[in-house]
Amino acid sequence: MRTEVKTATILAIGITVAIISLSVILSTFDSETDTPLTKEKNDGIDKSGFKKAPDLVGIAYYLNTTPEELSQKMKDKVVLYDIWTYSCINCVRTLPYITAWDEKYSDEGLLIIGIHSPEFEFEKDPKNVEMAIAKYGISYPVVMDNEMKTWKAFENRYWPRKYIADYEGYIRYDHIGEGAYKETEQVIQKLLEERAAALGTESIVNGSLVKIEEFNHAAFRTPELYFGYGFAQGRNQLGSNEGFSQNKIVTYAEPEKIELHKFYPIGQWKNLEDSMELIANEGTIKLRFNAKEVNVVTSNSAVIEIFLDGEPLSAKYAGNDITSGNKLNVKESGLYNIISSKDESSHLLEIKVNGSGFKIYTFTFG
């Protein structure tokens, strides 16, 4: 009797072990064939604290791509979203790095998308943006976010701004402004390696970095100066006693004193929300600045003469867009570099404008 019980017990235990083993095998088989890979299983990283990149919404124009093509390209790619606008000098300075990364990593799984979110009305014109794309050698997709809907979806407030999303769409990096190029590229390399490991492809990222001389700003420089009354709110640097007068023509007199970091229009100028427009055939702008570089954003045709400390602009200080002596022919709406120097210094700048209808939006400094 004891032998029979013992035998039955052993048999029962054996059957139980066999059933448990079979269940484990089947469960393992099911999990490897039917369950989609989770983010933890793909790369061993807990991404619960990361946000997914929002959809591109409210896009007015697609340049260098189509909506369908872009949607296909984004699948399983590491995506660098560059929020920029073509008249922003800070944005322009980052473009050599971004175009170099596109050339270097596009075949390795990096997709760069330029999100063009305009600051001024003329930047909403696709022809203007297309000219900028050609000028700066941009071959990656650019989407025109004219109503700033994608800008808002990213909860953004700055130009330029770079977000990098991994191959699953999680935002893993966020940088505001210029600089941090080494750190940004190292993030690109890391996320491309993660992608290759998860997708089972070979990674040939070798750790080398793009080498481009970075622009060094003046330690003490004049802040950006806005000519539009709407843009100048809270940062009014119009030095003229006449001040702003919304949507009205103002005759500005020659200033008795010119203060540092302030601008002084002279002549008849119409005050617009984003700019000032020259009403007479001739007008002048004076300002005292401290910087290595001066840029101006303008629109509508005009010929402007530039004087520095009372003398015609010399070759020593001539910016990249000065083509003839101290003159600049403004033909296209956008950014013009008028002063460029190796060392920062303070100067009195005078611009004489010939061309009714000329608009000036901002001065920026480097």
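Taking the criterion of being farther than 29 Å from Ala219 by Cα and more than 25 Å from the chain's Cα centre (by Cα), the residues of region 332-358 that qualify are Val353, Asn354, Gly355, Ser356, Gly357, Phe358. Right, Thr150: in contact with a strand residue (DSSP E or B) (Cβ under 7 Å, 6 or more places away or on another chain), among the polar types (S, T, N, Q) and in the same structural domain as Glu68 (by TED's automatic domain parsing) or not? Criteria met by Thr150. All of (1) closer than 27 Å to Lys257 by Cβ; (2) modelled with pLDDT under 95 hold for Ser346 with one exception: (2). Sub-6 Å Cβ pairs linking a first residue in region 242-254 that is surrounded by 12 or more Cβ atoms within 10 Å (Cβ to Cβ) to a second residue that is part of a loop (DSSP other than H, G, I, E, B), at least 6 apart or interchain, are Phe244/Tyr229; Ile249/Ile279; Val250/Glu242; Tyr252/Ser240; Tyr252/Glu242, ordered by first then second residue.
If you check Phe215 against the conditions, is it of a type in the set (Phe, Trp, Tyr) and at pLDDT 95 or above? It is false that Phe215 is of a type in the set (Phe, Trp, Tyr) and at pLDDT 95 or above. Out of Ile204, Ile212, one residue alone is touching a Pro at 6+ places or on another chain (Cβ under 7 Å) and farther than 24 Å from Val296 by Cβ. It is Ile212.
Annotation note: of Asn247, Asn300, Asn206, Asn241, the sole residue that is closer than 19 Å to Gly355 by Cα and either out of contact with any His (no Cβ under 8 Å at 6 or more places or on another chain) or of a type in the set (A, V, I, L, M) (or both) is Asn300.
The values are calculated or read from the model by the stated rules, or taken from the named source; none is laboratory data. Quantities reported herein were computed from a predicted structural model and do not represent experimental measurements. Cβ sites come from the backbone with ideal geometry, for glycine too, and all protein chains shown count toward neighbours.
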